[in-house]
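First the structure, in the form of structure tokens, and then the observations on it.
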């Protein structure tokens, strides 16, 4: 199974993947703070049909101009209204999210610096369920699969030089959890890698633990294989 998954990672985790995936938006920026804001805002609306995600993410980022960081720090989000951004996510939701980022970035050089200060005494143990409430994002942290925040963390932490950017260093790739969506979960069950039927936190922990037996240093690289195989079916 490991050999098969490694082959699929090598096939799917290629530069061409970027063009058709929401990660493309993160690649358009170089300043760390821009990358962080784009990673979390785009990941937040990354559910549903990929074409709609890409279209709505483009429209959302256009509101922020050439620098999302400058937009946040200058309070541009205060002008957002109630228009739809993506499916059940509206401008007032986006404004609340960006207001939280403004608060963080008013006191810290970056979101990574903020999180590092929160966990400096136990950085080796940090994971997505520690980070999520610190970024004001999900409500049901104890039970949620945190698919979208785990996706953003994959972009920010993994450093493969191909798709993921690896701009954060205080978390190691070995500490990441699989971004569990329907495609990943169904493929994992079909391959016998996941037994739990619900797509929740326990399923994420179960699948990630299995993937860590294949590659302890970088288990989430198999997201490419599981997601890619699921989409291709």
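The values are calculated or read from the model by the stated rules, or taken from the named source; none is laboratory data. Values in this document were obtained by computation on a predicted structure and should not be read as measured data. So basically every Cβ, Gly included, is an ideal-geometry build from the backbone, and we count neighbours across all protein chains shown.
Residue check: residue 88 meets all listed conditions (1) under 18 Å from the mean Cα position of the chain (by Cα); (2) closer than 24 Å to residue 59 by Cα but one, namely (1). Within segment 151-161, at least one residue is surrounded by 21 or more Cβ atoms within 10 Å (Cβ to Cβ) and either outside any helix (DSSP H, G or I) or touching a strand residue (DSSP E or B) at 6+ places or on another chain (Cβ under 7 Å) (or both).
Okay, residues lined up against (1) assigned to a loop (DSSP other than H, G, I, E, B); (2) under 17 Å from the mean Cα position of the chain (by Cα):
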residue: 28; (1), (2): yes, yes
residue: 48; (1), (2): yes, yes
residue: 82; (1), (2): yes, no
residue: 94; (1), (2): no, yes
residue: 98; (1), (2): no, yes
residue: 109; (1), (2): yes, no
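Condition (residue is in contact (Cβ under 8 Å) with a residue 60 or more places away in the chain and closer than 19 Å to residue 48 by Cα) applied to segment 195-207: is it met by at least one residue? Looking through segment 195-207, none of the residues is in contact (Cβ under 8 Å) with a residue 60 or more places away in the chain and closer than 19 Å to residue 48 by Cα. Would you be able to say whether some residue in segment 2-17 is surrounded by fewer than 19 Cβ atoms within 10 Å (Cβ to Cβ), at pLDDT 95 or above and under 15 Å from residue 58 (Cβ atoms)? No, because not a single residue in segment 2-17 is surrounded by fewer than 19 Cβ atoms within 10 Å (Cβ to Cβ), at pLDDT 95 or above and under 15 Å from residue 58 (Cβ atoms). So for segment 57-74 (the condition being under 21 Å from the mean Cα position of the chain (by Cα), within 30 Å of residue 190 (Cβ to Cβ) and surrounded by 12 or more Cβ atoms within 10 Å (Cβ to Cβ)), does at least one residue qualify? Yes, segment 57-74 has at least one match.
Here segment 8-26 is the region considered, the condition is being part of a helix (DSSP H, G or I) and out of contact with any helix residue (DSSP H, G or I) (no Cβ under 8 Å at 6 or more places or on another chain), and the residue that is farthest from residue 221 (Cα to Cα) is 19.
Quick one: which of 44, 88 is under 28 Å from residue 162 (Cα atoms) and either buried (at least 20 other Cβ atoms within 10 Å of the Cβ) or free of Cβ contacts under 8 Å to residues at least 12 places away in the same chain (or both)?
44
Restricting to segment 124-146, and then to whatever is assigned to a helix (DSSP H, G or I) and touching a helix residue (DSSP H, G or I) at 6+ places or on another chain (Cβ under 7 Å), can you tell me which residue is modelled with the lowest pLDDT? It comes out as 134.
Looking at segment 20-41, which of its residues are free of Cβ contacts under 8 Å to residues at least 24 places away in the same chain and either under 23 Å from residue 224 (Cβ atoms) or surrounded by 20 or more Cβ atoms within 10 Å (Cβ to Cβ) (or both)?
28
In this structure, residue 202 does not qualify as at pLDDT below 95 and farther than 27 Å from residue 35 by Cα. Taking the numbered list (1) under 30 Å from residue 113 (Cβ atoms); (2) part of a helix (DSSP H, G or I); (3) touching a helix residue (DSSP H, G or I) at 6+ places or on another chain (Cβ under 7 Å) in turn, residue 205 passes all entries but (3).
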